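Report on one structure; see the data block that follows.
The values are calculated or read from the model by the stated rules, or taken from the named source; none is laboratory data. Quick caveat: nothing in here was measured; it's all calculated off a predicted structure. Using ideal geometry, Cβ is built from the backbone for each residue, glycine included, and neighbour counts are taken over all protein chains shown. Just so you know, the surface numbers come from the protein's heavy atoms only, side chains and all, with ligands and any DNA or RNA stripped out. Shrake-Rupley method; radii C 1.70, N 1.55, O 1.52, S 1.80 Å.
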Amino acid sequence: MAGAKAGKDKGAMAFIVTALLLTLVGAGAGLSVGALLQTAPEPEAKMAAPAPQSPAAEPKTAAAAAHGSAGGAHTNTAGEAPAEEEAAPIAVKAIPFPPVLTTLAAPKGKWIRVEGSILAALETDDNPELLAEKAGEQIFNYLHSVRLDQIEGPSGVLGLTDDLNEMLKVLSNGQVQGVLIHGLVVE
């Protein structure tokens, strides 16, 4: 009986030592990972830092802008080519287009319904609602020629959105800046 009790004490002692060693190894690993994370630069800091600009790409001051040529291009004093000016952001308004319902090119009998909005520039030549109507017609014509396998999956929907964006920008002479798809159903 004394031998059985001694065996239980050795087993319990081995368990306690093993648990203590595993706890110390886990704590050490946690501390080392924590130290690495504290010394690593934060991704947000990398993204928030402005990119260094070359002297030719510096923005114009109000006085320099007033003395610029009518075409907007200018040459600097070193005689270099004109700097590329960044396009100013265009103010847009989301205008819903009528729901588009049509059949797909393949397979036969498959229908598609798209609901969404166009992003039209606020300073458009046309009435924004008329622009949305025209966009709906163009989307109808495009979707009628699309096959189901072209729009399957997330990459297919992204490709559809890119195609619609490009098509509407070209056909509206830049008045439509993009398309927002609110709903897409294929039956």
- [ ] Could you please put T102, T161, T23 in sequence from largest to smallest accessible area, using a 1.4 Å probe?
- [x] T23, T161, T102
TODO: Please give the net charge around A132, taking every other residue with its beta carbon less than 14 angstrom from that of A132, where Lys and Arg add +1 and Asp and Glu add -1.
DONE: -3
Task: Peptides ranked, highest mean first, by Cβ atoms within 10 Å: ranges 130-138, 11-19 - done: 130-138, 11-19
- [ ] Using the Karplus curve 6.51 cos²θ - 1.76 cosθ + 1.60 with θ = phi - 60°, work out ³J(HN,Hα) for each residue of segment 170-187 in order, rounded to whole Hz, and write x for Gly and Pro.
- [x] 5, 6, 9, 6, x, 6, 9, 8, x, 10, 10, 8, 8, x, 9, 10, 10, 10
- [ ] Restricting things to alpha carbons, find the Rg to Rh ratio for segment 118-176 using the Kirkwood radius for Rh.
- [x] 1.03
Open item on the list: Just to be sure I understand the model, the point goes 7 Å from the Cα along the line to the Cβ. What's the resulting K108 to Q38 distance in nm?
Closed with: 7.2 nm
